[in-house]
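Chemist: Pasting a structure here, questions to come.
The values are calculated or read from the model by the stated rules, or taken from the named source; none is laboratory data. Note that the coordinates shown come from a computational prediction; the quantities given were computed from them, not determined experimentally. Neighbour counts run over all protein chains shown; Cβ positions are idealised from the backbone, glycine included.
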Amino acid sequence: MVTDGVTNLKLEMSMVQLSIILPVYNEVESIPHLLDELTPVLDATGRKFEIICIDDGSSDGSFDELKKLRSQDERVRIVRFRRNFGQTAAFAAGFDRAQGNVVITMDADLQNDPADIPPLLAKLEEGYDIVSGWRVKRWREGFLPILTRKLPSKIANWLISTFTGVHLHDYGCALKVYRREVVKNINLYGDLHRFIPAIASYYGVSVAEVPVNYRSRQFGTSKYGLSRIIRVILDLLVVRFLLSYSTRPIQIFGSMGLLSFTIGVAVGIYLTFMKLVYGEALAERPMLLLAMLLVMIGVQLVTMGLLGELIVRTYHESQNKPIYSVREELG
Ligand code: UDP
Ligand code: MG
């Protein structure tokens with residue numbers, strides 16, 4: 001019994017409380033500066049921490065730099081990907097390995113300010129499950145930056161917020177703080193790391209925002225271009241679908257299918273009526289094509305919904321994934 005207590009105490013003392021996840025893709029110049037800033041901030045929290053750096057296939061010597069930093073501080077952990085898998089994969093690798101009960105993500109390019117971490121942690125302590133940074137001042141003044149940066153970003157955040165029902169000012173901010181359960185419960189694909197708060201809302205988490213500092217890039221270049229916009233739109237579609245219909249595909253496909261089918265049949269009846277009663281020729285009427293198309297699409301959509309139902313069952317039952325999420329249970 002006594003030894004049990006001792007081992008428990010030892011375990012508790014060795015237990016990591018904060019896990020910081022840094023995706024690194026060709027950031028060789030930034031990393032040492034970042035760790036120089038980050039470590040004192042984390043030390044000051046008084047909690048035991050680990051910094052998990054995911055080298056996402058860098059080719060600029062980032063890995064060697066990371067190894068050097070690890071030799072100076074054991075709390076730096078390194079995961080090296082075989083090639084570039086993208087920021088979402090890097091986050092996923094970090095989430096899989098995180099030991100802390102609080103997980104912090106941020107960019108490795110010095111654009112997020114480590115000094116913002118304590119306020120985010122304080123907010124989490126208030127009882128939230130996710131606290132997201134909100135880069136309040138992140139645009140240069142002037143017509144062009146407002147047109148090419150601010151406006152698209154405003155539209156994107158508004159779109160994502162309305163479509164997912166999780167209202168955030170700044171989905172693009174990588175600096176976020178999560179309770180462990182949140183990140184351990186979600187699976188990420190594609191570029192979905194931007195949507196974690198929205199995806200997690202499926203489980204009923206509470207999300208808060210805290211204004212953070214944002215700095216322009218000092219070293220290296222951004223890894224994304226304008227193609228990001230298309231990817232975000234497609235990902236948004238996926239998230240929206242998963243959030244509202246992932247456990248009942250027949251309801252969305254089925255209702256669209258029934259609607260299409262009904263209109264098609266109605267048009268068909270109308271045409272038959274015209275043919276039989278008024279003797280109108282149908283062969284040259286585009287409406288006949290429309291009726292056929294609507295009926296066929298209707299049947300296909302319903303079939304798709306039924307197939308979706310099968311897939312959903314396989315998905316949930318093969319992993320023993322419940323279709324609900326429990327906050328607590330008494331008795
Ligand atoms: N990143 C990554 N893999 C990628 C692209 C980016 O790990 O394929 C990392 C990158 O090193 C940085 C963070 O993700 O730490 C954000 O990338 P970036 O600064 O290029 O994005 P932006 O700030 O322009 O949105
Ligand atoms: Mg950046």
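Chemist: Among the residues of the range 77-100, which ones are in contact with a strand residue (DSSP E or B) (Cβ under 7 Å, 6 or more places away or on another chain), within 15 Å of ligand 1 (Cβ to nearest atom) and not in a helix (DSSP H, G or I)?
Modeler: Listed by number, the residues that qualify are ILE78, VAL79, ARG80, PHE81.
Chemist: On the given criteria, is GLU27 among the acidic types (Asp, Glu), crowded, with 17+ Cβ neighbours inside 10 Å, at pLDDT 95 or above and part of a loop (DSSP other than H, G, I, E, B)?
Modeler: Against the criterion (among the acidic types (Asp, Glu), crowded, with 17+ Cβ neighbours inside 10 Å, at pLDDT 95 or above and part of a loop (DSSP other than H, G, I, E, B)), GLU27 qualifies.
Chemist: Also, I was wondering about something else. Among the candidates LYS68, LYS123, single out the residue that is away from ligand 2 (no atom under 16 Å from the Cβ), at pLDDT 95 or above and over 17 Å from GLU27 (Cβ atoms).
Modeler: LYS123
Chemist: Now, a different point. Could you say which residue among VAL326, VAL267 is aliphatic (A, V, I, L, M) and surrounded by 14 or more Cβ atoms within 10 Å (Cβ to Cβ)?
Modeler: Step by step, each of VAL326, VAL267 is checked, and only VAL267 is aliphatic (A, V, I, L, M) and surrounded by 14 or more Cβ atoms within 10 Å (Cβ to Cβ).
Chemist: Regarding the range 143-166, can at least one residue be identified that is touching a residue at least 24 places away in the same chain (Cβ under 8 Å) and within 11 Å of ligand 1 (Cβ to nearest atom)?
Modeler: No, the conditions are met nowhere in the range 143-166.
Chemist: Please work out which residue is farthest from the chain's Cα centre (by Cα), limiting yourself to the range 138-194 and to residues that are outside any helix (DSSP H, G or I) and surrounded by fewer than 13 Cβ atoms within 10 Å (Cβ to Cβ).
Modeler: Only one residue fits best here, namely GLY142.
Chemist: Name the residue that is farthest from the chain's Cα centre (by Cα), counting only residues in the range 280-323 that are surrounded by 10 or more Cβ atoms within 10 Å (Cβ to Cβ) and outside any helix (DSSP H, G or I).
Modeler: Top of the filtered list is GLU280.
Chemist: Right, next: Report whether or not ARG83 is farther than 22 Å from GLY225 by Cα, among the basic types (Lys, Arg) and more than 16 Å from ligand 2 (Cβ to nearest atom).
Modeler: When the stated conditions are applied, ARG83 does not pass them.
Chemist: Out of the range 30-65, which residues are in a helix (DSSP H, G or I), among the charged types (D, E, K, R) and within 16 Å of ligand 2 (Cβ to nearest atom)?
Modeler: Residue satisfying the conditions is GLU37 alone.
Chemist: So, in the range 218-240, of the ones that are surrounded by 13 or more Cβ atoms within 10 Å (Cβ to Cβ), free of Cβ contacts under 8 Å to residues at least 60 places away in the same chain and not aliphatic (A, V, I, L, M), which residue ends up farthest from ligand 2 (Cβ to nearest atom)?
Modeler: In this case the residue turns out to be ASP235.
Chemist: Counting only residues that are within 20 Å of MET15 (Cα to Cα) and either without any contact (Cβ under 8 Å) to a residue 40 or more places away in the chain or charged (D, E, K, R) (or both), how many does the range 62-78 have?
Modeler: 6
Chemist: Residues being part of a helix (DSSP H, G or I) and exposed (fewer than 14 other Cβ atoms within 10 Å of the Cβ): count how many of those fall in the range 116-137.
Modeler: Number of matching residues: 3.
Chemist: Something else: Given the condition over 19 Å from LEU110 (Cα atoms) and under 22 Å from the mean Cα position of the chain (by Cα), answer yes or no: does some residue in the range 12-21 qualify?
Modeler: yes
Chemist: Could I ask something else about it? Kindly list the number of the only condition in (1) in a helix (DSSP H, G or I); (2) farther than 24 Å from VAL102 by Cβ; (3) within 15 Å of ligand 1 (Cβ to nearest atom) that fails for ARG217.
Modeler: The one condition ARG217 does not meet is (1).
Chemist: Would you mind finding the one in ASP107, ASP191 that is within 16 Å of ligand 2 (Cβ to nearest atom), within 30 Å of ASP60 (Cα to Cα) and touching a Pro at 6+ places or on another chain (Cβ under 9 Å)?
Modeler: Among ASP107, ASP191, only ASP107 is within 16 Å of ligand 2 (Cβ to nearest atom), within 30 Å of ASP60 (Cα to Cα) and touching a Pro at 6+ places or on another chain (Cβ under 9 Å).
Chemist: Could I ask something else about it? Can you tell me how many residues in the range 190-214 are within 16 Å of ARG179 (Cα to Cα), of a type in the set (D, E, K, R) and within 15 Å of ligand 1 (Cβ to nearest atom)?
Modeler: Going through the range 190-214 one residue at a time, the tally reaches 0.
Chemist: Kindly evaluate ILE269 against the criterion of being over 24 Å from PHE163 (Cα atoms), of a type outside the set (D, E, K, R), out of contact with any helix residue (DSSP H, G or I) (no Cβ under 7 Å at 6 or more places or on another chain) and modelled with pLDDT of 95 or more.
Modeler: So ILE269 passes the test.
Chemist: May I pose another question? Does at least one position in the range 44-55 carry a residue that is under 16 Å from VAL103 (Cβ atoms), out of contact with any Gly (no Cβ under 6 Å at 6 or more places or on another chain) and β-branched (Val, Ile, Thr)?
Modeler: Yes, the range 44-55 has at least one match.
Chemist: Only one residue in LYS184, LYS154, LYS176 is within 16 Å of ligand 2 (Cβ to nearest atom) and not aromatic (Phe, Trp, Tyr), so which one is that?
Modeler: Within the list LYS184, LYS154, LYS176, the selection yields LYS176.
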